[in-house]
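Participant: Let me begin by handing over the structure; questions about it come next.
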Amino acid sequence: MVITRFAPSPTGYIHIGNVRSAIYPYLLAQKNHGKMILRIEDTDRARYVDGATELIEDTLEWLGLNWDEGPIVGGPHEPYFQSERKAIYHEYARKLIASGRAYADPTPPEKIDEYRKKCQDEKKPFLYRNFRPKKPPEWEPGIPLRFKAEPKSYDWTDEVMGEMHAGPETEDDIILIKKDGFPTYNFAHIVDDAEMGVTHVMRGVEYLSSTPNYLSLYEALNLPRPKLVSLPHILAPTGNKKLGKRDGAKSVTEYREDGVLAEAMLNYLACLGWNDGTEQEIYSKEELIERFSLDRVQNSGARYDETKLLWLNGQWIRKIFDEQGVEALYARTENFWPESAKNYDDKYKMKVLSIIYDRLKTLSDLREMTDYFFKDPEIDLDMLLKNKFLKKFSESELENLLKQSIKKLSDLENWDVDSLQAALNELLVETDKKPAELFSLIRIALSFAPFSPALNLTMNVIGRDISLARLNSVARSI
């Protein structure tokens, strides 16, 4: 059975790169009818952030990346927090001590800094194995424990990077257990993956250089090697470095709060470093599971493009509306309406949504794009008089056009979409004006917004009385 894991550290917000490191293990496990384990690597107590674990769990649940074992759901390999597995790591540590492959290291940090500086001065690579203590004491918690490397060359296959080789110069006496008794990542993940039966270890390509040390640990502990999968970096928009906090990418939580849909985020991140060889761009979770394979994960970095993410989000907004209906999309919008909408019922807001949805990039666009549906906009004559289609008309001409429009619309028996469009078309003939001219005048007078849906749809939703009242107010103000 394929068993993967996502093992984040609860040290702050969950980054774009963190999430992609969860998506691929999930897709691989689902594709192969296996399971994904969620394991919280919380042994770095200095960087631990309260609430970060809950944020990780909530984000995965939002994206639909349901783990088969781990916090909340439990499983046969509990506990799933590394801070609660200290006894297990110490047991493995003692095995290494007994076999002569680990030693207590009481060397103070300042002495290690001296060794490092000496190597720098001599222009040699710093390898701690060249400075091992001559007579290390017996190990006990409170003293760091180091691995005793036996350097040699290694060959291995990386499922993404291909055939790999490293010489003995890449191995060193890495720390296994820190002074506080907690294991380092380099040791803990080896133990946990073995204990939990993980078959595919997927992590960022930055760990590739540490792989010889990991292979040496597998051998020293007589553990089988899992399949190793190095995931390429997500690059900054410039394409010349790894994406970081300073490159404009927000946390997943921020995107969620800005109205990016889970489907769009999953779709975008899955395709950021993977493709199925087709031109398809919109993928449901089910399609991603069906199509995913490691041999289609690229071995070079993928450039982060927020514009593409927002484009995908707009596509998913339309897809949900078209395939599931306005009610399904409306259910996602609860926290994104303007304050002016709070006293309006669901039925009216769904009418607004049904004519504006195809202009949304994110759900938070509703706040700015729909305010005039719920309250009369502030009259801004500059916006009217300086409009590129209207600035050639005098104020009196605009006033007369508005009055002519008001008269025509007031005479309508039925205030429905078709009747409104027919009246607008007749007005074009009667006024001998272009659609961009006449319709811009009416649209701005109704909304004083940069853009709005088709005029007949907008007036139909706003209603006869409010539409005519707004047009009259503007006509009187010119």
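The values are calculated or read from the model by the stated rules, or taken from the named source; none is laboratory data. Not measured: the values here are computed from a predicted model. Glycine also receives a Cβ, built like all others from the backbone with ideal geometry; neighbour counts cover every protein chain displayed.
Participant: Give the residue, chosen from R39, R47, that is over 19 Å from the mean Cα position of the chain (by Cα) and either among the aromatic types (F, W, Y) or more than 22 Å from E195 (Cβ to Cβ) (or both). So that I can check it myself, show each step before the final result.
Facilitator: Numbers: R39 fails: either among the aromatic types (F, W, Y) or more than 22 Å from E195 (Cβ to Cβ) (or both).
After ruling out the rest, the residue left standing is R47.
Participant: Taking the condition of being among the charged types (D, E, K, R) and either in a helix (DSSP H, G or I) or crowded, with 18+ Cβ neighbours inside 10 Å (or both), how many residues in the range 365-395 meet it?
Facilitator: 6
Residue by residue, here is whether (1) in contact with a strand residue (DSSP E or B) (Cβ under 9 Å, 6 or more places away or on another chain); (2) under 30 Å from F292 (Cβ atoms); (3) outside any helix (DSSP H, G or I); (4) not assigned by TED's automatic domain parsing to the domain that holds L217 holds:
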position: E91; (1), (2), (3), (4): no, no, no, no
position: K123; (1), (2), (3), (4): no, no, yes, no
position: R146; (1), (2), (3), (4): yes, no, yes, no
position: H165; (1), (2), (3), (4): yes, yes, yes, no
position: L176; (1), (2), (3), (4): yes, no, yes, no
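Participant: If you go through the range 180-195 one residue at a time, how many are out of contact with any helix residue (DSSP H, G or I) (no Cβ under 7 Å at 6 or more places or on another chain), more than 16 Å from Y207 (Cβ to Cβ) and modelled with pLDDT of 95 or more?
Facilitator: Result for the range 180-195: 1.
Participant: Next question. Do the conditions hold for Y304, that is, is it of a type in the set (F, W, Y) and over 23 Å from V2 (Cβ atoms)? Lay out the reasoning, then the answer.
Facilitator: On the way: of a type in the set (F, W, Y): yes; over 23 Å from V2 (Cβ atoms): yes.
The answer is yes for Y304.
Participant: Would you point out the residue of the range 396-416, among those that are surrounded by 15 or more Cβ atoms within 10 Å (Cβ to Cβ) and polar (S, T, N, Q), that is nearest to R464 (Cα to Cα)?
Facilitator: Out of the qualifying residues, it is S405.
Participant: Let me ask something else about it. May I ask you to list the residues in the range 209-228 that are among the small types (G, A, S) and touching a strand residue (DSSP E or B) at 6+ places or on another chain (Cβ under 9 Å)? So that I can check it myself, show each step before the final result.
Facilitator: Of the range 209-228, the ones among the small types (G, A, S) are 209-210, 216, 220.
Listed by number, the residues that qualify are S209, S216, A220.
Participant: Could I ask something else about it? Looking at the range 464-478, I want the residues that are free of Cβ contacts under 8 Å to residues at least 60 places away in the same chain and have a partner that is in a helix (DSSP H, G or I) and buried (at least 18 other Cβ atoms within 10 Å of the Cβ) with Cβ atoms under 7 Å, at least 6 apart or on another chain. Which pairs are those?
Facilitator: S467/L446; S467/M459
Participant: Could I ask something else about it? Please find, within the range 17-53, the residue that is farthest from Y80 (Cα to Cα) out of those that are of a type in the set (V, I, T) and outside any helix (DSSP H, G or I). Step through it out loud before you land on a result.
Facilitator: Just the residues of the range 17-53 that are of a type in the set (V, I, T), to begin with: 19, 23, 37, 40, 43, 49, 53.
Those left that are additionally outside any helix (DSSP H, G or I): 37, 40, 43, 49.
Numbers: I37: 9, I40: 6, T43: 12, V49: 17 Å.
The extreme case among them is V49.
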